[in-house]
Amino acid sequence: MSVENEKDPGWQYLRLSREQITQDQSAPYDSKKDCWIPDKEEGFVAAQIVSTKGDQVTVTVKGTEKTLKKDLIAQMNPPKFEKTEDMSNLTILNDACVLHNLRARYSAMLIYTYSGLFCVVINPYKRLPIYTDSVARMFMGKRRNEMPPHLFAVSDEAYRNMIQNHENQSMLITGESGAASQTEAAAGGTSADGKKKVTLEDQIVQTNPVLEAFGNARTVRNNNSSRFGKFIRIHFSKHGKVASCDIEHYLLEKSRVIRQAPGERCYHIFYQMTSDYKPELKPALLLDRPMRDYWFVAQAELTVDGMNDTEEFQLTDEAFDILHFSPEEKMNCYRLMSAHMHIGIMKFKQRPREEQAEPDGTDEAEKAAQMYGVDTEELLKSFTHPRVKVGTEWVNKGQNVEQVTWAVGAMGKAIYARVFNWLVKKCNNTLDQKGIPRDYFIGVLDIAGFEIFDFNSFEQLWINFVNEKLQQFFNHHMFVLEQEEYAREGIEWTFIDFGLDLQACIELIEKPMGIISMLDEECIVPKATDMTLAQKLNEQHLGKHPNFEKPKPPKGKQAEAHFAMRHYAGVVRYNVSNWLEKNKDPLNDTVAACLKASKGNALLNE
């Protein structure tokens, strides 16, 4: 460890000082008395054994004596392992010791900790100066055991393995939602200087502000939660030079653009766009109301603690330029976001004594139509009188207010998803550099973490299903490889496939008569509702499948639930409201045809 490293402002967030290490390791310790006991508030707390009688143990904890069963007592590590950088070094490896080590390091703002091959990160919910160029240089060419735990060490190891072994490398970012958003900050920690020639590396970094603006949002667990999954491949020549980059994306949470739960926010771009960075933009987008009026993006929070939407919009707008988006493309993108805000407050009313909706004023429809580049009357007619095929003929069918409302929401979701797809495609085109051979790649899979909220819906089921599958792959890959190594070395070992532990939950979701197939079937049953789905799921699985449970009554802010599922990360209570509509995701063909005929927004013709 060089003295220069210690002078860096980020070093205090990477490794303890020598004085602190000495202080931690000289703490009093009695291997026969010191232990951990369970605690409802803190998980585990330190205690001292006073006496043992049969299977009962009496301990003192925080000055109070307590008697509990012997099997609840967990051993404690000697103080020489306090705040250890790699938990595989712990002499005693139990839940209490692992959690204590992570908590102790986190209290010292050391957010990275190794656990053998893995790097555990706990979200600090603030920016730390550990992703700077100077910190990156510290890790270049260094072995992992020479430096403190860091994403840079993992990245450098992947790069060296690729060059030395001539093999592609991949990294997986996974965990509970909100646990590791700083990994993205690591990728976006530096920005291109506009005066310099923009490099491919600069452009790769600048995809982050764009995709975050359109794909990240505030949730109850995380102020900057990624609401989509992505697999990024950075391609290299055999000499290690960056050749190109491409991005695949998955599971964009479309429903967020029309519905936000309490304590959450829609995608950042809507609030960035209406900030003060470009004051001329709001009049150009016909946004003349307070933000709270725009229902589709204002059902819960409008601001995020510690996030300045004006500054963030500057980063997004400049990133567009660095990625070679034209001024017209940028403006068309902003127009579609503005149109989404306008359609959210269009009003419709029911005609007296008729199952027919009609516009209740046309102000917002006119603004939306201008942003879309379509005729106002045609747009409204596509909602209230869409063309449907009856037999061999096409007829205009009247819609009631509820049907029109669903159609507007479906259009909003479809356009947003289309814009997001276009953004990723455009980024990929810019990052597809010609002239440098693509011999190997380093891939990073970043999927939304496991989610257990007060209100868990259709989106949480899919995210948690993906995480179950990833965890199964992870368990199988890591533990099977380890056990094969034991066999090669002649170590006696009973083979266990840890991946099978998750199979029951996966089958409950994906197998015939599982949740997905029953949902698909219910979507084509006449007069089916979300409640008939809930009833059938309970009849089919409750008491018959070990992972399907009756939900416990709601506590505090928890919403009503229709069933509960036992996942590897915990029991999740699911509410099936709107599942049929979300699964069908119906887009009115007449609306689609109207938008495709746009003469004022080229993105709708992409």
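The values are calculated or read from the model by the stated rules, or taken from the named source; none is laboratory data. Predicted model only: the values in this text are computed from it and were never measured. Here the Cβ positions follow ideal geometry from the backbone for every residue, glycine too, while neighbour counts run over all protein chains shown.
Counting only residues that are touching a helix residue (DSSP H, G or I) at 6+ places or on another chain (Cβ under 8 Å) and in a loop (DSSP other than H, G, I, E, B), which one in the stretch 493-523 is modelled with the lowest pLDDT?
Among those residues, the one meeting the criterion is 497.
Only one of these is more than 13 Å from the chain's Cα centre (by Cα) and surrounded by 22 or more Cβ atoms within 10 Å (Cβ to Cβ): 242, 257. Name it.
257
Filter the stretch 428-447 down to the residues that are touching a strand residue (DSSP E or B) at 6+ places or on another chain (Cβ under 9 Å) and either loosely packed, with under 15 Cβ neighbours inside 10 Å or over 19 Å from residue 210 (Cα atoms) (or both) and list them by number.
The answer is 432, 433, 434, 435, 436, 437, 438, 439, 440, 441, 442, 443.
Give the residues of the stretch 1-22 that are of a type in the set (Ser, Thr, Tyr) and buried (at least 17 other Cβ atoms within 10 Å of the Cβ), sorted by residue number.
13
If I filter the stretch 1-36 down to residues being part of a strand (DSSP E or B) and of a type outside the set (Phe, Trp, Tyr), which single residue comes out as nearest to residue 95 (Cα to Cα)?
35
Quick grid of which residues meet (1) loosely packed, with under 14 Cβ neighbours inside 10 Å; (2) touching a residue at least 24 places away in the same chain (Cβ under 8 Å):
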| residue | (1), (2) |
| --- | --- |
| 26 | yes, yes |
| 33 | yes, no |
| 44 | no, yes |
| 53 | yes, no |
| 67 | yes, no |
| 70 | yes, no |
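Considering only residues that are surrounded by fewer than 17 Cβ atoms within 10 Å (Cβ to Cβ) and either in contact (Cβ under 8 Å) with a residue 40 or more places away in the chain or under 21 Å from residue 308 (Cα atoms) (or both), which ones fall in the stretch 129-144?
129, 132, 133, 134
Out of 207, 219, report the one residue that is at pLDDT below 95 and buried (at least 20 other Cβ atoms within 10 Å of the Cβ).
Answer to the selection: 219.
Which of the residues spanning the stretch 37-67 are over 23 Å from residue 27 (Cβ atoms), assigned to a strand (DSSP E or B) and of a type outside the set (D, E, K, R)?
Listed by number, the residues that qualify are 51, 52, 56, 58, 67.
Regarding the stretch 383-392, can at least one residue be identified that is polar (S, T, N, Q), farther than 24 Å from residue 585 by Cβ and either out of contact with any His (no Cβ under 9 Å at 6 or more places or on another chain) or surrounded by fewer than 20 Cβ atoms within 10 Å (Cβ to Cβ) (or both)?
Yes - at least one qualifying residue is present in the stretch 383-392.
Suppose we filter 50, 98 for residues that are under 34 Å from the mean Cα position of the chain (by Cα) and among the hydrophobic types (A, V, I, L, M, F, W, C); which single one remains?
Checking each option against the conditions leaves just 98.
Could you check the stretch 539-583 and list, in sequence order, the residues that are more than 23 Å from the chain's Cα centre (by Cα), loosely packed, with under 14 Cβ neighbours inside 10 Å and outside any loop (DSSP other than H, G, I, E, B)?
If the condition is that a residue be more than 23 Å from the chain's Cα centre (by Cα), loosely packed, with under 14 Cβ neighbours inside 10 Å and outside any loop (DSSP other than H, G, I, E, B), then 539 is the only one that fits.
Conditions (1) hydroxyl-bearing (Ser, Thr, Tyr); (2) farther than 30 Å from residue 330 by Cα; (3) without any contact (Cβ under 8 Å) to a residue 60 or more places away in the chain, marked per residue:
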position	(1), (2), (3)
384	yes, yes, yes
387	no, yes, no
393	no, yes, yes
399	no, yes, yes
402	no, yes, yes
411	no, no, no
419	no, no, no
426	no, no, no
429	no, no, yes
